[in-house]
Structure formats: structure tokens, C-alpha cells
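Structure first, then comments.
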Amino acid sequence: MNIVRKYIGFLKWFYKYLTSANGRYATGPRVSHGAVNMEYSVYNYWADKDSTRLYSVLLSLENYLESNDDSKDIEELIKPCLDFGPTLKLSSIPLYTPIAISIAISAPLFFITELFLPAPVATLLFVFPFMLPAMFSFLELRKIQGLISEVSHSLVEYDKAKDSNLNPLSSAQSAMLMQWLKYSFKFFSRHKHVQVSQLFSGKTTLNSKERKFYAFHIEILERYQDKDGKDCFKTIDSFFGIRLLGFNITEMRICTLKQNEDGLQPWTSLSPEFNERYCCEVADPVAAAKWLTPLTLEEILDADRKLGALQIMTSKDGYLLTLFKTNIFAQKQNISTTLKTPSAFLNDLLTSDQSPRNLPIALSLIDTMVSQ
């Protein structure tokens, strides 16, 4: 009898919530977990106090991780989760109760009322009022089941950004970078379809000065038609790049193949190994000789051995662009634990180094180049 009274109270609460301004806001199909107000949560109505408290902590965590604030350390973020014991589990059983009761009521009602009314009318008048709260309970059930894993993933990415000093940028900024690449370099403009799939900003010390840089992954695509005649795209080449501004360097291209850029002329170094591996085209041979010293050439070859073929380009407006075939974002360690074991998860994040293992090699090469 208590469950019946609670379910009737749930229906009253639900429709009051649904017609309120907060209810309409929180039930959008693409609303994030953080947008769910605990006062208007189906889970909060059915679950016990400990479960709803944990749910609230996880939602708060996700809200913070979706913001642009990175001032908190990882220990401060995970500490509230430690209060719930050695293992975190957000029980989904409370949400099965309203779903099961709603189905148990709706099914007999439908079969009874369709004897006297058309099926659409019977569904609308007698079945829908019970199935609507069941549908919202199901949506929140899906959130509950994946919330710990999603927050864990966000915490790993947050810690990775802290370790690497790389901050992800928006898709709009990626599109702007792609346009700039095509405008500044023939290497990119000759390709119709170029896509930046990752874009980060970071800071590093180069030539004893702190400089901001952009790091990104760029793919060169080719369009083709599948067997049904539909347009598809495949990746024919890809690079990981670093772009910096503020260098008084002559315009040049260092690539494994000749670029035949307008206004540039071939330049041959005094290093046979470099000349065999790379083609160099410059605007000013005298300035190029001052910049491409034997030390710089050796650093380029050393980076080549560690990271594969390089592409080094400078633009007329003072940008230095270095492209690598090897993933410069690949991290040193992977985190295998999750918030399901919060203490072990926190320990792994505190003791691991998620900084990219190849990025320091790339930045060291750039530091040598700009220090000449």
C-alpha cells in the first residue's frame, strides 16, 4: 500500500514538475547531467538519501568539468567521493520501480479501453499519462548508468590537460586555423578537403621567453563515391603540428618533397645527410644560412629519427609551423581505474604523468631553431 501511495504522489509531483519552468528546462533531449536540478530529479524522488547525495556530488563534478575553470586540483575534486566508501555504485534500482508500475498499469488499461475506444484515443487518454513519467524515468536511468564512467573520463581529461599544459579549443577556432593554413601555405591549399580534428593551446619557454603555441592534428581528405553513389571521405595523409608567432625568420619550406612555391628558390646545406633527406626552398638564401646552422640541421635530423619525417614552414607574417608524422599528443601513461574505486583512482591520477611523451621532443627542436 505504501508503494501505491508513493506512486500516486510521484505522478502528482511529476506533472507539477513537468509544467514548471524548471521542469521544461531540465527535460530537453540534449540536456547534460549537470543541467538536472536535484529538486526536479526522478532519481531524487525514488532513491534513498545516500544515493541522492552521491548523485548530487557527481552532477556537481560534471558541471565543474564542463566549465572553463581549471583552478581546482584533482584531489580537491575527487575528495567528496571518498566519503562514500571504497567503492562507488549509483544504484539504478529506484528508477525501475516507476517504470515497472507504469507498465503494469498501462498494459491492462490499454487492452480494456480499446474495447470501447479507438486505439489512438485509448492510448492518449489512459496509457500516455502513465507512460510519460515512465519515459522520463527511463531517460534518467540511462544517465544514472553511465554517469560514473563519464565523470571518470572527464576527470582523466582534466588531469591530462593539467599535466600537459594543453587546453582544448573550440571547433570554430579549428575552422579558423584550417582557413589560415590554406591561405598561408600552398602545401595545404592544393588540397580541397583539409580537416583539423584536434586543436590545443599551450605555453612553453622558447629562447628564454614564454610563448603561446597551438598544437593540432590535421587530416588531408579525399572524396570518393561508394558503391551506392554516395559521397564519402577517406584520410590520405595526416600530420601533428605546432604553430608559433613572433619570429623574424626568412620565408622557407623544409619538406621531404619539392614544393615549388612561388617566390622561393632551392637552397642546399653543407650537410649531405640533410640534403639527402630534405628539400629546402627559401626566399633569402643568406638569411636561411644564418638560421639553418649545422646545429639546427642536426636537431632536425635527430627529431626526424625520433618522430619521423618533418615539414617545417614559415609564413610571410612571422609564423613558424612544424609538422610531425608521429602523434605528439600520445601520453606517457594510461589510467585504467575509474571513480568506481575512488581512492585507487585518485592515487593513479596523482602518481601518473599523463603529459605527452613526444611533445617535449618537438618543442626542443623548435627551441633550437628559434634560438639561432
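How far apart, in nanometres, would the label points at residue 270 and residue 125 be if each is projected 7 angstrom from Cα along the Cα-to-Cβ direction?
Computed distance between label sites residue 270 and residue 125 equals 9.8 nm.
For segment 191-269 and segment 114-168, what is the centre-to-centre distance using only Cα atoms, to the nearest Å?
First find each Cα centre; the distance between them is then 40 Å.
Heavy-atom accessible area per residue, segment 270-359, 1.4 Å probe: how many Å²?
Working: 4110 Å² over 90 residues.
Here the per-residue accessible area is 46 Å².
Where nothing but the Cβ of Lys and Arg (+1) and of Asp and Glu (-1) is charged, how large is the charge dipole of segment 166-371 around its Cα centre, in debye to the nearest 20?
The dipole of segment 166-371 has a size of about 440 debye.
Would you work out if segment 38-194 is rounded, prolate or oblate? Take a ≥ b ≥ c from the square roots of the eigenvalues of the alpha-carbon gyration tensor; rounded if a/c is under 1.5, else prolate when a/b is larger than b/c, oblate otherwise. Please report the intermediate quantities before stating the final value.
On the way: a/c = 4.41, a/b = 1.57, b/c = 2.80.
Judged from the Cα gyration tensor, segment 38-194 comes out oblate (a/c at least 1.5, b/c at or above a/b).
Provide the FRET efficiency to the nearest 0.05 for the residue 343-residue 53 pair, computing r from the beta carbons and using R0 = 22 Å.
The pair residue 343/residue 53 has a calculated efficiency of 0.75.
Hey, what did the chain get for relative contact order, percent, Cα under 8 Å, at least 6 apart?
Once divided by the residue count of the chain, the mean separation gives 14 percent.
Which residue fluctuates most in the GNM of the chain (Cα springs below 10 Å): 239, 136, 126?
The residue with the greatest mean-square fluctuation here is 126.
Report, in deg cm²/dmol and to the nearest 500, the calculated mean residue ellipticity at 222 nm for the chain, where each DSSP H run with n ≥ 4 adds -39500 (n - 2.57) and the sum is divided by the residue count.
-15000 deg cm²/dmol
Which of the aspartates and glutamates could be linked to residue 6 by a straight reach, that is with a Cα gap under 20 Å, when you skip same-chain ones fewer than 8 residues away?
Within the straight-line limit of under 20 Å, residue 6 reaches these aspartates and glutamates: 39, 48, 50, 140.
Need one word for the chain: rounded, prolate or oblate. Basis is the Cα gyration tensor (sqrt eigenvalues a ≥ b ≥ c); a/c below 1.5 gives rounded, then a/b vs b/c decides.
Values: a/c = 3.68, a/b = 2.22, b/c = 1.66.
Because a/c hits 1.5 or more and a/b exceeds b/c, the chain counts as prolate.
What part of the accessible area of segment 155-290, given as a whole %, is carbon or sulfur when the probe is 1.4 angstrom?
The nonpolar share, carbon plus sulfur, comes to 48 percent.
Less than 23 Å apart at the alpha-carbon level, and either on another chain or at least 8 residues along: which lysines does that give for residue 162?
List returned: 72, 79, 203, 209, 212, 332, 340.
Between residue 223 and residue 309, what is the label-to-label distance in nm when each label sits 7 Å out along the Cα-to-Cβ direction?
It is 2.6 nm.
Can you list the lysines whose alpha carbon sits under 27 Å from that of residue 12, skipping same-chain ones fewer than 8 residues off?
Output for residue 12: 49, 143.
The values are calculated or read from the model by the stated rules, or taken from the named source; none is laboratory data. In this text the structure is predicted, and so the values were computed from the model without any measurement. Don't worry about glycine lacking a Cβ; one is built from the backbone with ideal geometry, like all the others, and counts go over all protein chains shown. These accessible areas exclude ligands, DNA and RNA; they are computed on the full protein's heavy atoms, side chains included. Shrake-Rupley method; radii C 1.70, N 1.55, O 1.52, S 1.80 Å.
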